[in-house]
Amino acid sequence: MLELSILGFLAEAPLHGYELKERIKALSGHVRPVSDGALYPAITRLIKAGKLDEHTEPGASAAPRRILSLTDIGREDLLERLRHPKQVEITDQVRFNTLLAFLRHLPDRLEQAAVLRRRLEFLTAPTSFFYEGDKPVRAEEATDLFRQGMLRVARATGEAERAWLTEAIALLDQPS
């Protein structure tokens, strides 16, 4: 997801490393913080793969700033990642939110809708955090107050997300 975030933010505008890190941190840092030890090696990999370009500009102080921008190869990689997200990027809430943050870069509305449909299908499958045998435990069946709370909150957020996904898919399916 780190590489998707890098490609996605740089599709919007060239940035220097610190600005990029702050944007990534704002997107998911409260849940999955990004460290310099992960960010800068990922940037280096993307540069070596020809997906990012870098040049230096004078900084606000004496130190020059390293400015990163997306190449055509990087843009194609971003679009491919958006068109065909991994299953974990559909099922994991934080990863899906990262995908959702950049889905607007995918120019085809039907392809956008296809990604949302995958998430909606995932959310409509019966599931729970807890099971009795093979049967998912529902909030009303949980005897533990705290587990009941987890299940009730998950149900409410799931219902809200399914409603939004249904609306968004309907809008994207309309001819433009």
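Identify, from the list L68, L46, the residue that is within 23 Å of N97 (Cα to Cα), of a type outside the set (G, A, S) and outside any loop (DSSP other than H, G, I, E, B). Step through it out loud before you land on a result.
Details: L68 fails: within 23 Å of N97 (Cα to Cα).
Going through L68, L46 in turn, the sole match is L46.
For the structure I just gave you, tell me whether A60 is at pLDDT below 95 and either at positive phi or not in a helix (DSSP H, G or I) (or both).
Details: at pLDDT below 95: yes; either at positive phi or not in a helix (DSSP H, G or I) (or both): yes.
Yes: the conditions hold for A60.
Are there any helices (runs of 4 or more DSSP H) wholly within the stretch 73-176 with 3 or more residues that are charged (D, E, K, R) and in contact with a Leu (Cβ under 9 Å, 6 or more places away or on another chain), and if so which? Give the steps one after another, and end with the answer.
Working: elements: 87-91, 93-102, 109-124, 145-173.
Ranges flagged: 109-124, 145-173.
Go through the stretch 25-43 and give me each residue that's in a helix (DSSP H, G or I) and open to solvent by 60 Å² or more (accessible area, probe 1.4 Å).
Narrowing the stretch 25-43 to residues in a helix (DSSP H, G or I): 25-29, 36-43.
Result: K25, A26, D36, G37, Y40.
Collect the residues in the stretch 107-119 that are open to solvent by 40 Å² or more (accessible area, probe 1.4 Å) and within 30 Å of Q148 (Cβ to Cβ), keeping them in residue-number order. It would help to see each step written out before you state the result.
Pass one, the stretch 107-119, residues open to solvent by 40 Å² or more (accessible area, probe 1.4 Å): 107-111, 114, 117-118.
Scanning the stretch 107-119 gives a single hit, R118.
Looking at Q87, Q93, which is the one that is under 11 Å from the mean Cα position of the chain (by Cα) and within 30 Å of Q174 (Cβ to Cβ)? First the steps, then the outcome.
Details: Q87 fails: under 11 Å from the mean Cα position of the chain (by Cα).
Only one candidate qualifies: Q93.
Since E19 meets every condition but one in (1) over 21 Å from the mean Cα position of the chain (by Cα); (2) open to solvent by less than 80 Å² (accessible area, probe 1.4 Å), which condition does it not meet?
(1)
Across the stretch 66-120, what is the number of residues that are aliphatic (A, V, I, L, M), in contact with a Gly (Cβ under 8 Å, 6 or more places away or on another chain) and either within 18 Å of L20 (Cα to Cα) or without any contact (Cβ under 8 Å) to a residue 24 or more places away in the chain (or both)?
Number of matching residues: 3.
Per-residue answers, yes or no, for (1) modelled with pLDDT of 95 or more; (2) exposed (fewer than 15 other Cβ atoms within 10 Å of the Cβ):
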| residue | (1), (2) |
| --- | --- |
| R23 | no, no |
| L52 | yes, no |
| R65 | no, no |
| T71 | yes, no |
| Q87 | yes, yes |
| H105 | yes, no |
| E121 | yes, yes |
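In contact (Cβ under 8 Å) with a residue 12 or more places away in the chain and of a type outside the set (A, V, I, L, M, F, W, C): is that true of K51 in this structure? First the steps, then the outcome.
Numbers: in contact (Cβ under 8 Å) with a residue 12 or more places away in the chain: yes; of a type outside the set (A, V, I, L, M, F, W, C): yes.
Against the criterion (in contact (Cβ under 8 Å) with a residue 12 or more places away in the chain and of a type outside the set (A, V, I, L, M, F, W, C)), K51 qualifies.
So, of the residues in the stretch 131-159 that are of a type in the set (S, T, Y) and modelled with pLDDT under 90, which turns out to be surrounded by the fewest Cβ atoms within 10 Å (Cβ to Cβ)?
Within the stretch 131-159, the subset of a type in the set (S, T, Y) is 131, 143, 157.
Filter once more, so that each one left must be modelled with pLDDT under 90: 131, 143.
On the way: Y131: 10, T143: 7.
Only one residue fits best here, namely T143.
The values are calculated or read from the model by the stated rules, or taken from the named source; none is laboratory data. Since we're looking at a predicted model, the values are computed, not measured. Glycine also receives a Cβ, built like all others from the backbone with ideal geometry; neighbour counts cover every protein chain displayed. Please note that ligands, DNA and RNA were not included when accessible areas were found on the heavy atoms of the full protein model with its side chains. Shrake-Rupley method; radii C 1.70, N 1.55, O 1.52, S 1.80 Å.
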